[in-house]
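Chemist: This is the structure I want to talk about, given as structure tokens.
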Amino acid sequence: MKRLKLLAITAWIILTAGCTLPAIRYPFASQDRVWFQKGVPQSTLISDLEACRSEGTDEYSVRHCMKAKGYLWLPRTEAELLQVRTLQEKGLEHQQIASELQWSRKKVGRYTDDGFKLGRIDALGRQPVDILASLGKPAVPQLIKQLHSHDPLSRRQAAQALGEIGDARAMGALIHLLHDPDALIQRHAAKGLGKIADPRAVGPLIAVLQDPGQEAHVKTAAAQALGRIGEPRAIAPLVRALEHPNWAVRSRA
């Protein structure tokens, strides 16, 4: 009898823990995360959130509804940085941004400082490339870390975003990615190096172009990158690439 009572108590504890754990791990109202969609004003966001809440009261249905409307569930710091960047793209100055967002100038200044570094965000590289690129220089250190991720999609999108941002701090990591096991990631790394246009990438890109075992689409990206950088020492390898059997490689060369 005592053993049965003990088993019953143990089962009750497990069931109770199972019911409460999701609420602890996935809080509906989080001060660290907010909804964000580029170009959508706060009033529209609130309206959409209220509409989603009217359709379903549990957090999963609300999140599904908001994501279906194009919103991202982002860390607050990232979302605030994106808000500032979006207004900067529209040509607004510090004071105008502060007025638009109802923030202090000091808070706006924090996000417009290129020395500001975005904190660690799990699975940052899985976010849309246009969002990652919009984060700008403050996100560069974290994006470089994403290049070492075990997730191919994170490496691929981080490489694309770093190319769009064009920060030379990513040079070493992108050159390393030219030897990634995934040929598609190699291609994005080559494109990124071309957009950064630092002459230090010329040698590694020439090596890619001349590698007989390299995929044609990677060589195409390398040829295009060399053209963007415009270093004279790339001329001879590009001329030789005019004889390549793949038409796309010849075209880019």
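Chemist: Note down the nm distance, to one decimal, between modelled labels 7 Å out along Cα→Cβ at H94 and at A51.
Modeler: About 3.8 nm separates the two model spin labels.
Chemist: Past the 29 angstrom mark, what percentage of all C-alpha to C-alpha distances in the chain do you count?
Modeler: More than 29 Å apart: 48 percent of the Cα pairs in the chain.
Chemist: Can you give the accessible area per residue of the chain, in Å², using a 1.4 Å probe?
Modeler: On a per-residue basis, 57 Å².
Chemist: Additional query: Charges only on Cβ, +1 for Lys and Arg, -1 for Asp and Glu: so what's the dipole of the chain about the Cα centre, in debye to the nearest 20?
Modeler: 540
Chemist: If you don't mind, there's one more thing I want to ask. Who wins for biggest fluctuation among W103, W35, W73 in a Gaussian network model of the chain, springs between alpha carbons below 10 Å?
Modeler: W103
Chemist: Sticking with this one: What helices does the chain have that are whole DSSP H segments, at least 15 Å long along their own axis by Cα, and with mean Kyte-Doolittle hydropathy of 0.0 or more?
Modeler: The answer, listed by residue number, is 2-25, 183-196, 216-229.
Chemist: Hey, in the GNM for the chain with a 10 angstrom Cα cutoff, which one of V140, V40, V202 fluctuates hardest?
Modeler: Looking only at V140, V40, V202, the largest GNM fluctuation is found for V40.
Chemist: Among all stretches of the chain without exposed trypsin sites (Lys or Arg not before Pro) (DSSP loop, at most 11 other Cβ atoms within 10 Å), which one is longest?
Modeler: Values: sites that count: K90, R120.
With a cap of 11 other Cβ atoms within 10 Å, the longest stretch comes to 121-253.
Chemist: Collect residues whose amide H, placed 1.01 Å from N in the peptide plane, falls under 5 Å from the amide H of R33; neighbours closer than 5 in sequence don't count.
Modeler: Sorted by chain and number, the residues that satisfy this are R76.
Chemist: Hey, another quick one. With a 10 Å cut-off between alpha carbons and a GNM built on the chain, which of A197, A79, A68 moves the most?
Modeler: Top of the fluctuation ranking is A68.
Chemist: What number in nm² do you get for region 196-253 if you take the convex hull of its Cα atoms and divide its surface by four?
Modeler: 3.3
Chemist: Counting only GluC sites (Glu not before Pro) that sit in a DSSP loop (anything but H, G, I, E, B) with at most 16 other Cβ atoms within 10 Å, what is the longest stretch of the chain containing none of them?
Modeler: Segment 94-214 is the longest.
Chemist: Can you run phi through the Karplus equation (6.51, -1.76, 1.60; θ = phi - 60°) for region 136-142 and list ³J(HN,Hα) in whole Hz, with x for Gly and Pro?
Modeler: Calculated HN-Hα couplings, in order: x, 4, x, 8, 4, x, 5 Hz.
The values are calculated or read from the model by the stated rules, or taken from the named source; none is laboratory data. For clarity, every value in this text was computed on a predicted model and none was experimentally measured. A quick note on method: Cβ atoms are made from the backbone with ideal geometry, for glycine too, and the neighbour counts reach across all protein chains shown. In case anyone asks, the SASA skips ligands and DNA or RNA and just uses the protein heavy atoms, side chains included. Shrake-Rupley method; radii C 1.70, N 1.55, O 1.52, S 1.80 Å.
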